[in-house]
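First the structure, in the form of structure tokens, and then the observations on it.
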Amino acid sequence: MVALSVVLFFAQTAAAAGLVPCSGGYDCTLCDLLKLIVNIANFMVKDVLPPLAGLLFLIGGIMMVVSAGSEERYKKGKQVLVNTAIGVVIVLGSWVIVNTIIVTLGKNVDTFQADSWWNPNISCRVPNLSNYSSQQQQTQQLTSQQLAAEAPLFVIDDQQAMQTLQTYMSPQEYQDLQSRLNLSSQDLQNIQSLASAGNYTGLLSYATPSRVAALTDAYITLKERMPAAEFQSYVNQIPAQYRTYLPK
């Protein structure tokens, strides 16, 4: 029963962590496979290893303390500590090797971007920013459904917008929003670059249903808490073609 509870706990944690990168209605690519491998490695190191190693260290320590002069029990407790330490070193070493290999392989994969080898924050489906002019010509071809999906993204389209959110949301609300968005720092930079360059077609890849819902809630929160004149000025900074699709 205990084992089943542990399995269910880690399964729920894995689901909440968003391990599968192409679950937002997109076709999986090689980049997504690389990101999945890194997500699993990070999940094991950051979410599974600390509590598991801590528990084993605690057990080993208790075995040594309560050995009551028994050399055999003392040795068993000490062996648990040594084996746990070795296991931690092996896991961390494997994590470094996996991340290094993935980032090295990713350099040859289209749309692959990573912040660093030790904490990749991999982004996939990143539009080619050199195609702004050709993509801008497609803006008029966006359907009303696509415009409605993209509109909430302008709640985070620049640093000033992010500061506005922090001003009118509590620290816990802002943290919950970041969790729901599940955006790496590179993803956020891409969104802001696309918005500032008018590459509205490129924004589509970031308009997943969960993000649209989260940002719509954030927009409504701003509408309720900002002074009317300040909120109207805020709305006027959003491109005109998107304003009609924001909550009234």
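The values are calculated or read from the model by the stated rules, or taken from the named source; none is laboratory data. Computed from a predicted structure; not experimentally measured. We place every Cβ from the backbone using ideal geometry, glycine too, and count neighbours over all the protein chains shown.
Can you list residue pairs whose Cβ atoms sit under 7 Å apart, with the first residue in region 43-68 being in the same structural domain as V96 (by TED's automatic domain parsing) and the second being surrounded by fewer than 13 Cβ atoms within 10 Å (Cβ to Cβ) and modelled with pLDDT of 90 or more? Count only pairs 6 or more apart in sequence or on different chains.
Hits for this filter: V45/L92.
Which residues, taken from region 77-101, are modelled with pLDDT of 85 or more and surrounded by 15 or more Cβ atoms within 10 Å (Cβ to Cβ)?
G77, K78, V80, L81, T84, V88, V91, W95, V98
Taking region 144-196 as the region of interest, how many residues are farther than 25 Å from K35 by Cβ and not in a helix (DSSP H, G or I)?
Matching residues across region 144-196 total 3.
Looking at region 226-248 only, could you name the residues that are outside any loop (DSSP other than H, G, I, E, B) and either within 15 Å of A161 (Cα to Cα) or modelled with pLDDT under 85 (or both)?
E230, F231, Q232, S233, Y234, V235, N236, A240, Q241, Y242, R243 - these are the residues of region 226-248 that are outside any loop (DSSP other than H, G, I, E, B) and either within 15 Å of A161 (Cα to Cα) or modelled with pLDDT under 85 (or both).
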